Every structure is written in C-alpha cells, then in structure tokens.
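Reviewing the structure listed below.
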Ligand SMILES: Cc1cc2nc3c(=O)[nH]c(=O)nc-3n(C[C@H](O)[C@H](O)[C@H](O)COP(=O)(O)OP(=O)(O)OC[C@H]3O[C@@H](n4cnc5c(N)ncnc54)[C@H](O)[C@@H]3O)c2cc1C
C-alpha cells in the first residue's frame with residue numbers, strides 16, 4: 001500500500017500552501033519526507049482560479065482583524081505570524097509579482113488567478129511533492145501512530161500526518177461539498193452552525209425587483225434589524241430579479257444569512273431585517289431639494305416620472321417616482337410634498353430581507369470547526385494528534401477583499417510547517433525493490 005509522511009486532503013488554496021510549506025520545510029531540514037496532496041476533483045485549485053472574477057484578490061494589506069468573523073481571537077496567533085506583508089513576500093519569493101489596488105486589495109500583477117495556481121503547482125513539482133487527483137477522501141482511520149486514508153473508490157493510503165484542507169460548503173460546483181465536516185467529526189471534532197456568506201440576498205418586493213433587474217448604481221446600504229442599525233457599507237449595488245447583490249450587499253449578507261437561519265444577528269434576536277439604500281449618498285437633502293425645485297421651474301412641462309432622471313439610472317429613477325407619485329403628470333403639477341416624498345424615497349429606498357441565495361451562489365462558509373479544538377499556533381487537532389486543519393473548514397471567515405485567501409495562505413503555512421517539523425523521516429527500506437510510481441497529477 002502507498003505510504004507518505006504527509007497527506008494533505010484537498011488541493012485548494014490552503015492545501016496547496018500547506019503542502020508547499022511542508023515540502024520546503026523538509027528540504028530546509030534535509031529530511032527526506034514525502035508530501036502528497038489528495039484532491040477529489042480532476043484538477044487542483046479550481047476555486048482559486050475563480051477567485052476575484054479570475055483575478056485572485058489574494059490578500060488585503062490592511063489586514064484588519066475586525067474584518068474577520070468567527071473564532072477571531074483564536075486565529076490571531078496564525079494571522080499575526082503570517083500577516084499580509086508576509087504573504088506578499090512569500091509569493092514574491094515564489095516568483096509572483098503582486099500589486100495593491102483600492103482598499104488594500106492585492107492582486108497578482110498579471111491580473112490572472114492562473115498565475116498564482118501555476119506557480120504553486122510548479123514549485124510543488126520541483127520539490128518532489130505529488131498531487132493525486134480524483135482521490136476523494138471518504139474516511140480517515142487510525143493506523144498505529146499515523147493514519148489510513150480511504151477514498152470513495154476503494155483506494156487506501158497510509159500517512160504519518162494528515163492535513164485537512166477540504167474547505168466548507170460554499171460553491172459546491174468548485175469542489176467544496178462539506179465532506180471535511182464529516183471527516184473532522186469522525187476525528188472527534190464538533191462544528192458550529194454553518195450558513196452561506198458573501199451571498200446575494202432575496203428580498204420581499206417581488207414586483208419592484210423584477211422591474212429593476214440588471215440595474216447597477218453606487219450608494220450607501222444600511223442593514224436594519226427591527227429598525228436598529230446593524231451595519232453600513234458604501235459601494236456598488238446590483239439589483240436582481242429576486243433582490244440585491246453587489247459588493248456592499250455581499251459585505252452585509254453574512255448578517256442576513258445568519259438571520260435567515262436563526263432569526264438572530266450576532267446572537268441577538270430580530271423579528272425583521274431591512275436594507276435601506278441611500279442612492280444619492282454624496283448629496284444632502286437640501287442640495288437635492290434645491291435641484292428638484294430648479295428642475296420644476298426650468299422644465300415645468302416635463303414628465304413627473306422623469307423627475308429623478310439625471311440623478312440615477314433611468315430604470316431606477318422611473319421605478320422610484322412610479323412608486324411614490326402613482327400617476328404621471330407634468331412636473332409643474334407636483335406639490336412640494338410630492339417632491340419631498342420622491343427625494344426621501346431616493347435617500348431611503350427600503351427592501352425587506354426574506355433570505356439569501358443558497359450555497360451554490362455563496363462565496364464562503366460562515367461557521368465550521370471551532371478553533372478552540374485545535375492548537376492556535378500549529379493548527380494540530382487537540383482531539384486527534386497528528387491531524388491538522390486549515391482554511392475555510394475552520395470557523396473563521398471574513399469580509400470581501402482578500403481576507404479569505406489571507407486566512408487560507410496563513411493557516412496553510414502554519415499547518416504545513418508544523419506537520420513537517422513533527423514528521424519522522426521514513427526508515428530506510430530493507431529491500432531494494434523500487435516503489436510503484438503513482439499516476440501523475442492531472443494539471
Ligand atoms: C467565486 C468565488 C470567488 C472568490 N474570490 C475570492 C477572492 O478574490 N479573495 C478571497 O480572499 N477569497 C475569495 N473567495 C473565497 C476563497 O476562494 C476561499 O475562502 C478559499 O479558496 C478557501 O481555501 P480552502 O483551501 O479552505 O478551500 P478550497 O480552495 O475550496 O479547496 C478545497 C479543496 O478540497 C477539495 N476537497 C474537498 N473535499 C475533499 C475530499 N473529501 N477529498 C479530497 N479533496 C477534497 C476540493 O475539491 C477543493 O479543491 C472566493 C470564493 C468563490 C467561490
């Protein structure tokens with residue numbers, strides 16, 4: 001049966017980084033330990049290729065802890081040891097040039113996620129680490145001080161140390177089917193409730209949503225629980241036929257998703273959740289009122305339905321005036337209260353949260369294996385020695401902007417280094433019979 005010192009389960013961002021770090025560590029320490037990545041899909045790194053719309057927002061230089069959610073205090077040791085600067089240096093040492101864009105977001109200079117993946121794979125190959133694809137791990141059992149890994153096709157493998165890097169449940173079409181939770185549960189771990197995050201939100205205003213489908217604009221989005229402000233974001237809003245999407249809605253979607261599951265947000269109960277959109281955040285009420293009164297004076301015969309055109313995308317301007325004014329009339333017929341109401345609607349356009357889209361449309365998983373069940377420095381399981389956990393499988397997620405990959409790289413480096421340092425080199429083989437070569441990784 002095939003043996004390896006380190007088996008990494010999952011060839012995504014954290015698993016590839018863990019394998020690379022382990023392989024580098026064994027080289028640095030002149031210890032001939034083998035590192036093998038077991039990947040369920042036909043190719044490794046499929047999700048990585050999809051990140052940042054194919055551009056891979058690989059970290060965020062601001063590195064604010066407040067941008068992470070879940071077991072943040074327990075993750076501080078790893079995030080502090082491998083901050084964004086260390087991640088950028090690490091990629092530079094692999095030959096990847098990076099550039100910082102808005103709000104601290106870092107991308108490969110090539111603008112292609114494929115550059116990140118191919119460098120990781122090339123370095124793994126150069127260090128002699130192997131990737132076995134189409135090897136979905138279905139069970140991990142104890143074998144002496146090490147492990148026996150079973151694939152769902154009936155293959156088996158022995159390993160001294162195992163690094164679990166299977167991710168959570170988000171974007172199952174890219175390989176994360178939640179199997180890591182079952183594997184970690186069998187090793188004695190628990191799992192917090194999981195819900196989709198960075199996900200579009202489904203709203204109650206069906207007719208309005210259908211009318212606005214496809215419209216995009218910038219604005220300030222506030223999320224209110226029973227009228228109380230829970231969070232606020234400024235940025236792009238996308239209207240869809242079922243509700244709202246876009247970066248700033250994504251940032252607030254974690255709270256909407258938690259609420260859809262448990263009627264709580266950050267542990268507090270709310271009976272209703274609402275988005276309030278300020279579609280003209282750069283102008284005061286008085287400035288806008290002055291402009292509308294001027295419009296009434298200069299264009300008295302123009303259609304009242306076009307009152308906000310010039311301020312907002314046409315479909316959005318028309319929808320708001322239609323909802324407020326009920327029927328079309330020349331602008332000169334509008335009362336001061338009609339103008340006031342239209343303006344108020346544009347500064348406080350409200351949508352009721354019903355739920356969020358499902359795992360297929362979510363970018364990340366909120367929730368996972370608690371970090372209290374692993375060593376905060378090495379990420380070794382405290383329930384099962386020799387097992388390490390990293391990446392999105394753990395109860396840590398973040399805001400949009402490179403925070404998830406930051407965690408994947410940092411936790412992969414920590415787990416890979418610790419697993420390699422703890423591994424004993426194999427005893428020299430008694431016979432000179434050559435070991436069977438595995439089939440090459442599909443790259
Ligand atoms: C569309 C999209 C865009 C994103 N963009 C960004 C971005 O720009 N910046 C950012 O920071 N984050 C982004 N994210 C989030 C980020 O990609 C993930 O948080 C990160 O990839 C998690 O790394 P991971 O190693 O834990 O999991 P993954 O990268 O998902 O890797 C897990 C791997 O394990 C394999 N696997 C699962 N189960 C098994 C098993 N039983 N046996 C063997 N293999 C298994 C899977 O096939 C997969 O290859 C995005 C996510 C999505 C879906």
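Here are the numbers:
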item	result
Only one of 15, 63, 11 that is part of a loop (DSSP other than H, G, I, E, B), closer than 21 Å to residue 170 by Cβ and in the same structural domain as residue 142 (by TED's automatic domain parsing)	11
Pairs with Cβ under 8 Å, 6+ apart, first in the range 392-406 and under 22 Å from residue 249 (Cβ atoms) and outside the structural domain of residue 178 (by TED's automatic domain parsing), second assigned to a loop (DSSP other than H, G, I, E, B) and more than 8 Å from the ligand (Cβ to nearest atom)	none
Scan of the range 389-424 for residues that are away from the ligand (no atom under 12 Å from the Cβ), in contact with a helix residue (DSSP H, G or I) (Cβ under 8 Å, 6 or more places away or on another chain) and not in a helix (DSSP H, G or I), ordered by number	395, 423
Verdict on residue 73 being in the same structural domain as residue 180 (by TED's automatic domain parsing) and at pLDDT 95 or above	yes
Residue within the range 333-354 that is within 16 Å of the ligand (Cβ to nearest atom), closer than 30 Å to residue 175 by Cα and either assigned to a loop (DSSP other than H, G, I, E, B) or in contact (Cβ under 8 Å) with a residue 12 or more places away in the chain (or both) present	no
Filtered residues of the range 17-34 (kept if over 14 Å from residue 388 (Cα atoms) and either surrounded by 24 or more Cβ atoms within 10 Å (Cβ to Cβ) or in contact (Cβ under 8 Å) with a residue 12 or more places away in the chain (or both))	20, 23, 24, 25, 26, 27, 29, 31, 32, 33, 34
Residue check, residue 48 within 15 Å of the ligand (Cβ to nearest atom), buried (at least 17 other Cβ atoms within 10 Å of the Cβ) and part of a helix (DSSP H, G or I)	yes
Residue tally, condition in contact with a strand residue (DSSP E or B) (Cβ under 9 Å, 6 or more places away or on another chain), over 12 Å from residue 116 (Cα atoms) and near the ligand (Cβ under 10 Å from one of its atoms), over the range 8-42	11
Hits in the range 174-207 (condition: in a helix (DSSP H, G or I) and within 16 Å of the ligand (Cβ to nearest atom))	174, 179, 180, 181, 182, 183, 184, 185, 186
Matching entry among 67, 90, 62 (being surrounded by fewer than 20 Cβ atoms within 10 Å (Cβ to Cβ), on the phi < 0 side of the Ramachandran plot, within 11 Å of the ligand (Cβ to nearest atom) and at pLDDT 95 or above)	67
Subset of the range 117-170 (residues that are free of Cβ contacts under 8 Å to residues at least 24 places away in the same chain, in contact with a strand residue (DSSP E or B) (Cβ under 6 Å, 6 or more places away or on another chain) and either part of a helix (DSSP H, G or I) or within 9 Å of the ligand (Cβ to nearest atom) (or both))	152
Criterion violated by residue 428 - all others in (1) modelled with pLDDT of 95 or more; (2) more than 21 Å from residue 20 (Cβ to Cβ) satisfied	(1)
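The values are calculated or read from the model by the stated rules, or taken from the named source; none is laboratory data. Keep in mind the model is a prediction, meaning the values are calculated, not measured. Counting neighbours? That spans all protein chains shown, and the Cβs are built from the backbone with ideal geometry, glycine included.
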